[in-house]
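*Asks:* Provided herewith is a single structure, encoded as structure tokens, for subsequent inquiry.
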Amino acid sequence: MSLKIVIFSGMNAIVFGASSGIGRELAISLSQDGYKVKITGRREELLKELCLEFPQLSYRAFDIQDLSSVENNFADMVRDFGTIDLIVHCAGVGYENPELIWEMESDTIATNVCSATKIYDLSFLLFKRQGFGHLVGISSIASLRGNRHSPAYFASKAFQVNYLESLYLKTKEVASSKVHVTDIRPGFLDTRMALGDDIFWMSPLNKAVGQIYRAIKCKRRRVYISKRWTLIAWVLKIVPSWLIKKIM
Ligand SMILES: NC(=O)c1ccc[n+]([C@@H]2O[C@H](COP(=O)([O-])OP(=O)(O)OC[C@H]3O[C@@H](n4cnc5c(N)ncnc54)[C@H](OP(=O)(O)O)[C@@H]3O)[C@@H](O)[C@H]2O)c1
């Protein structure tokens, strides 16, 4: 039997969207590093199971589309912790929606745009008051261009990237220079979110989360995950729309 001793680092974190996927794995990494972590999501059973396995974790189950619920839960988590060092916003949805079914577009915009903005703003304003803190958003390589199969998802990720950049620029207003903003841009990672079949260059979740965690520790401004997507990003930025229309 192996005995793992976790030494509490005195650091507090919140991971929004930790009932599965990237957020779940990041919350585990943080707890193993001695962080106390609040995790959120709607699937309470999954959150509860994770907290039983990792005692450094505690959870709050709520729907981030309910913006007053986000405000109340955020205030409660801040009250519980006193100060917060790190907030990772992983919660998000995405659909393949070639028929432009409104409910899917609307769900994506409500979650990835409105709720994300609420969480980014609450986090930034808290860190500004504290004089320190690190906000991490999980956007996507999808932020770089449009896509005919998932228009709302790709557009919502472009919104997130630009909003996170704006908050990064706003850190100029914090005299201490101890507020940081990181934009994580994954390619395809092996979670339920990965859209489509026969996915190109899918990265295993544990490898990707290792890279994400290192980027968070180094307080990187932005990073593509896995690293090889940096090359794809470079190509995507210069390729003309007519060529994308022809091949995708
Ligand atoms: N996997 C990829 O290939 C990939 C690539 C690029 C970017 N990303 C981004 O990475 C982030 C995490 O996704 P993932 O791949 O880890 O997928 P995931 O396993 O589906 O995780 C999404 C998380 O968001 C939470 N969530 C969604 N809607 C919510 C709502 N209304 N209220 C509260 N929580 C909500 C989910 O919790 P509940 O369902 O329990 O509410 C879940 O914990 C997303 O922003 C996604 O766009 C993923």
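*Asks:* Using the Kirkwood radius over Cα pairs, work out the Stokes-Einstein diffusion coefficient for the chain at 37 °C and 0.692 mPa s, in µm²/s as a whole number.
*Replies:* 177
*Asks:* Here's a follow-up. What aspartates and glutamates does Lys227 reach when the alpha-carbon gap must be under 18 Å and sequence neighbours fewer than 8 apart in one chain are set aside?
*Replies:* List returned: Asp183, Asp190.
*Asks:* Are there trypsin sites (Lys or Arg not before Pro) in region 135-170 that DSSP puts in a loop and that have at most 13 other Cβ atoms within 10 Å, and which ones?
*Replies:* Counting only loop positions with at most 13 other Cβ atoms within 10 Å, the trypsin sites (Lys or Arg not before Pro) in region 135-170 are Arg148.
*Asks:* Apply the Karplus parameterisation 6.51 cos²θ - 1.76 cosθ + 1.60, with θ equal to phi minus 60°, to every residue of region 236-247 and state each ³J(HN,Hα) to the nearest whole Hz, in sequence, with x for glycine and proline.
*Replies:* 4, 5, 10, 6, x, 4, 4, 6, 4, 4, 6, 9
*Asks:* Okay, moving on. Which peptide among 36-44, 72-80, 105-113 comes first, and what is the full order, when sorted by highest mean count of other Cβ atoms within 10 Å?
*Replies:* 36-44, 105-113, 72-80
Rule-based calculations on the coordinates, nothing more; no lab input. Note that the coordinates shown come from a computational prediction; the quantities given were computed from them, not determined experimentally. With ideal geometry, Cβ positions are generated from the backbone for all residues, glycine too; neighbour counts draw on all protein chains shown.
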